[in-house]
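The structure appears below as structure tokens.
The values are calculated or read from the model by the stated rules, or taken from the named source; none is laboratory data. Just so you know, these numbers come straight off a predicted model, no measurement behind them. No Cβ is skipped: glycine too gets one built from the backbone with ideal geometry, and neighbour counts run over all protein chains shown. Surface areas here come from the heavy atoms of the whole protein model, side chains and all, with no ligands, DNA or RNA. Shrake-Rupley method; radii C 1.70, N 1.55, O 1.52, S 1.80 Å.
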Amino acid sequence: MSACEIPSALSQSPGLPKSAEGDPVFAEPWHAQAFAMTVHLHERGLFSWAEWADTLSAELHKPGRAEDGSDYFDGWVAALTTLLAAKGLAETETVLALQESWKRAAEATPHGSPIVLANDPVRSS
């Protein structure tokens, strides 16, 4: 694949993270992971892209969202959680509990070390 010759207006948005070459990039590794997971689940046929777009749009238009879009991927994950629950693929409580466990694991992990779920001090083996 090659880069697009003519940059889109979206790729020129102020505040959008960019590579050294000026191409848009994900701001955080987990943003890329959430994106990849969503695409993978769609490709596996677990939901249509129209279902995904509707769910994401509903989430991003909820009151209280950051006007600058800084919480876009928080909305992305919330939309994915909603869709997985609606499809009976994962219970919202289970997803939220895992999310909290990962947060605790991240906080308990020494800087520079890989974050692993086993680092969650509350999680039982």
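Things to note:
- Restricting Ala90, Ala105, Ala85, Ala66 to those that are of a type outside the set (Val, Ile, Thr) and either touching a strand residue (DSSP E or B) at 6+ places or on another chain (Cβ under 6 Å) or farther than 26 Å from His42 by Cβ (or both) reduces the list to Ala105.
- Selected residue (only one of Ala66, Ala79 is within 14 Å of Thr38 (Cα to Cα) and among the small types (Gly, Ala, Ser)): Ala79
- Among the candidates Asp68, Asp54, Asp23, Asp74, residue that is charged (D, E, K, R) and closer than 26 Å to Val116 by Cα: Asp74
- Residue pairs meeting the criteria (Cβ under 7 Å; at least 6 apart or on separate chains; first on the phi < 0 side of the Ramachandran plot and free of Cβ contacts under 8 Å to residues at least 60 places away in the same chain, in region 42-64; second surrounded by 11 or more Cβ atoms within 10 Å (Cβ to Cβ) and among the charged types (D, E, K, R)): Leu46/Lys87; Phe47/Lys87
- Qualifying helices (runs of 4 or more DSSP H) (wholly inside region 1-110; at least 2 residues being of a type in the set (Phe, Trp, Tyr) and either modelled with pLDDT under 85 or open to solvent by 60 Å² or more (accessible area, probe 1.4 Å) (or both)): 29-43
- Total residues in region 111-125 satisfying the condition of being surrounded by fewer than 14 Cβ atoms within 10 Å (Cβ to Cβ) and over 15 Å from Trp30 (Cα atoms): the figure is 8.
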